[in-house]
Amino acid sequence: MPELKVCGVTSTADLNLLATSGADMAGLWHGVPGGHADLTIGRLTSLAAAAHLVTPVLVTLAAEVRDVLAVSGIRVVQLHGYQAPGVVRALKRDGVHVIKVLHVAGSVCPERPLIRAYERAGVDSFLIDAVGDDGRIGSTGQSLAPAAVLSLAASLSRPFLLAGGITADNAPAFAEVAAHPGFLGVDVDTGARDSLGCIDAGRVRALRRAWDGRVAA
């Protein structure tokens, strides 16, 4: 069964909703300047402690990521931005599970030359995500072409999550991606929210059903 990660969690109500709707991981933002769900270190730590039925994941661009992990107690980190492989190596020495985002604009991934170095540093998995038309990274709501995802996935020796405009409705378009042996699951923000921007249980359940179906097919 693929993993379902929902990003931008800001409350214990969100955590409880995810736990009862089929999500596996909750993305907690800290050090995401201008991010709609960026948390203070105190709030991050509180929510991490309350995440009993889903795995809390620190989503960050922060340079002081090791300090944030130590304070919050979170043991899984998703590195947005363009960190050097040495950051991954240091985190692995701390016993942290590391997900490194690979940012893709069209078919171009600036981290592609560093993939082998990230793997040698011990990265556990990658997350393939779309860069916004304005260069923004993370929660852009923009989708990648399946061919671009498959091209990048072919160069990976570690498993990967897919992000970028993921919804229940566009799961069929990514059937070939979901059938890739390295496919771990999907990371969703906008596609899990209602018209008011709140995480919606029905949308999370629909994502679970749709992407499970693509893998089963």
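Coordinate-derived values only; no laboratory data. Bear in mind the structure is a predicted one, so any value in this text is a computation, not a measurement. Cβ sites come from the backbone with ideal geometry, for glycine too, and all protein chains shown count toward neighbours.
Potential lengthening of the chain between ALA50 and ASN16 amounts to 11.3 nm, from the contour at 0.36 nm per residue minus the alpha-carbon distance.
Dipole size of the chain about its Cα centre, with +1 on Lys/Arg Cβ and -1 on Asp/Glu Cβ: approximately 500 debye, rounded to the nearest 20. Here the Kirkwood formula puts the hydrodynamic radius of the chain at 17.1 Å, using every distinct Cα pair. Dividing the Cα radius of gyration of the range 44-159 by its Kirkwood radius returns 0.97 for Rg/Rh.
Beta bridges from DSSP with both residues in the range 3-216: antiparallel share about 10 percent, rounded to the nearest 5.
The 3J(HN,Hα) values that the Karplus relation (6.51, -1.76, 1.60; θ = phi - 60°) gives for the range 192-200 are, in residue order, 9, 10, 7, 5, 8, x, 9, 4, 10 Hz. Gly and Pro appear as x. Going from the fewest other Cβ atoms within 10 Å to the most, the residues SER125, SER46, SER195 appear in the order SER195, SER46, SER125.
Between ARG43 and ARG158, the contour length at 0.36 nm per residue exceeds the Cα-Cα span by 38.2 nm.
Highest mobility in the GNM of the chain, judged by mean-square fluctuation with C-alpha springs under 10 Å and restricted to ARG93, ARG75, ARG193, is found for ARG93.
Remark: TYR82, TYR118 ranked as TYR82, TYR118, counting other beta-carbon atoms within 10 Å and listing the fewest first.
Listed from fewest to most Cβ neighbours within 10 Å, the set ASP187, ASP129 follows the order ASP129, ASP187.
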